[in-house]
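The structure appears below as structure tokens.
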Ligand SMILES: Nc1ncnc2c1ncn2[C@@H]1O[C@H](COP(=O)(O)OP(=O)(O)OP(=O)(O)O)[C@@H](O)[C@H]1O
């Protein structure tokens, strides 16, 4: 059986009356680079904050390293390193001094500072004041801080945001190295498909607090070539459940329709029969060649507006 480093079950989270997370189910395989992809405001940072116990879910459960987060908070979070948005760095101190402060809090061995500086390629600039660091160097210093405790899981929220092309490439190489040579499972959020495609072994696509797709990249690529069925129906939540029972993946869900990749016209008949048998009114079934790439583009286009 595949081991999951993170598993969430039906996570809901509200900001007052606003439902920011709506039934988030994630299964992050051990050893993966898990791409958490979605446009601005999709719920990526909120999910990460819930995973790090900074926000408490209104509903649902989280298991990390196979144990419930609620009951094993200290033990679990001691094995997790995180980089959320811009790392907090004392600009008047050097990179090394910044790390020393955190090392003392964590009670990590002194030798770990040189190790993490080497990993993030900051050894040569370790004694420079952080105010003279580029944004890319600040991000790498933040990553070094997250690595001080030698965590098994790294949670990185948009780590390449704002970096120039060479900074992006450096960060990408580092993430791959941390995964492949240092055996870290990496949960990586991004709003850029291109970024996730270059790094991730597994992916979940989130929008409006809901998971639209989850699986490995091969499955995602296979679906890109497929045909999608747009199903306009009286109750889309119920329709999604019926489809899932038939082992279809829901690629998009709105209050008026759901979309699912299909592989034959027999699938259309099977879906129609099942929906009707479940007392749903089917208004329209339209097959299209719209694929996940186009869904991504729709998502990312929204970012540019
Ligand atoms: N403190 C808050 N109070 C109220 N609503 C919030 C708060 N923080 C986030 N939201 C809302 O919750 C939703 C999810 O936000 P979140 O920051 O998780 O999205 P995101 O996918 O990380 O996007 P971004 O890339 O812009 O950070 C958005 O609609 C956002 O406006």
Worksheet item: Of all residues in segment 63-98, how many are touching a strand residue (DSSP E or B) at 6+ places or on another chain (Cβ under 6 Å) and away from the ligand (no atom under 16 Å from the Cβ)?
Response: 7
Discussion item. Under 8 Å between Cβ atoms, which residue pairs at least 6 apart in sequence (or on different chains) link something in segment 36-49 that is under 17 Å from residue 192 (Cβ atoms) and modelled with pLDDT of 90 or more with a partner that is in a helix (DSSP H, G or I) and within 6 Å of the ligand (Cβ to nearest atom)?
Written reply: 36/44
Worksheet item: Restricting attention to segment 11-20, which residues are more than 8 Å from the ligand (Cβ to nearest atom) and either assigned to a loop (DSSP other than H, G, I, E, B) or buried (at least 21 other Cβ atoms within 10 Å of the Cβ) (or both)?
Response: 11, 13, 17
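Out of all the residues in segment 120-133, is one or more closer than 27 Å to residue 42 by Cα and in the same structural domain as residue 8 (by TED's automatic domain parsing)?
Taking every residue of segment 120-133 in turn, none turns out to be closer than 27 Å to residue 42 by Cα and in the same structural domain as residue 8 (by TED's automatic domain parsing).
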Worksheet item: With respect to the numbered conditions (1) within 16 Å of the ligand (Cβ to nearest atom); (2) not in a helix (DSSP H, G or I), which one is the sole condition not fulfilled by residue 45?
Response: (2)
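Within segment 56-78, how many residues are out of contact with any helix residue (DSSP H, G or I) (no Cβ under 7 Å at 6 or more places or on another chain) and surrounded by fewer than 15 Cβ atoms within 10 Å (Cβ to Cβ)? Spell out how you get there, then give the answer.
To start, the set of residues in segment 56-78 that are out of contact with any helix residue (DSSP H, G or I) (no Cβ under 7 Å at 6 or more places or on another chain) comprises 56, 58-61, 63, 66, 68, 70-78.
Checking which are surrounded by fewer than 15 Cβ atoms within 10 Å (Cβ to Cβ) leaves us with 56, 58-59, 61, 66, 68, 70-71, 73-75, 78.
The total comes to 12.
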Fill in: Which numbered condition residue 5 fails, given (1) more than 16 Å from the ligand (Cβ to nearest atom); (2) within 24 Å of residue 237 (Cα to Cα)
(2)
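Which residue out of 21, 37, 26 is under 16 Å from the mean Cα position of the chain (by Cα), in the same structural domain as residue 196 (by TED's automatic domain parsing) and within 21 Å of residue 183 (Cβ to Cβ)? Outline the logic, then answer.
Working: 21 fails: within 21 Å of residue 183 (Cβ to Cβ); 37 fails: within 21 Å of residue 183 (Cβ to Cβ).
Only one candidate qualifies: 26.
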Practice prompt. Could you please find all residues in segment 89-114 being without any contact (Cβ under 8 Å) to a residue 24 or more places away in the chain and under 28 Å from residue 49 (Cα atoms)?
Written response: 97, 100, 101, 104, 105, 107, 109
Practice prompt. Please enumerate the residues belonging to segment 26-38 that are farther than 17 Å from residue 60 by Cβ, assigned to a loop (DSSP other than H, G, I, E, B) and more than 7 Å from the ligand (Cβ to nearest atom).
Written response: 30, 31, 32
Fill in: Subset of segment 179-188 [in contact with a strand residue (DSSP E or B) (Cβ under 7 Å, 6 or more places away or on another chain) and either within 16 Å of the ligand (Cβ to nearest atom) or at pLDDT below 95 (or both)]
187, 188
Worksheet item: With segment 189-305 as the region, which strands (runs of 3 or more DSSP E) entirely inside it contain at least 1 residues that are crowded, with 20+ Cβ neighbours inside 10 Å, at pLDDT 85 or above and more than 15 Å from the chain's Cα centre (by Cα)?
Response: 227-233, 257-262
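The values are calculated or read from the model by the stated rules, or taken from the named source; none is laboratory data. Keep in mind that this is a model prediction, so the values were computed, not measured. Every residue, glycine as well, gets a Cβ built from its backbone with ideal geometry; the counts of neighbours run over all protein chains shown.
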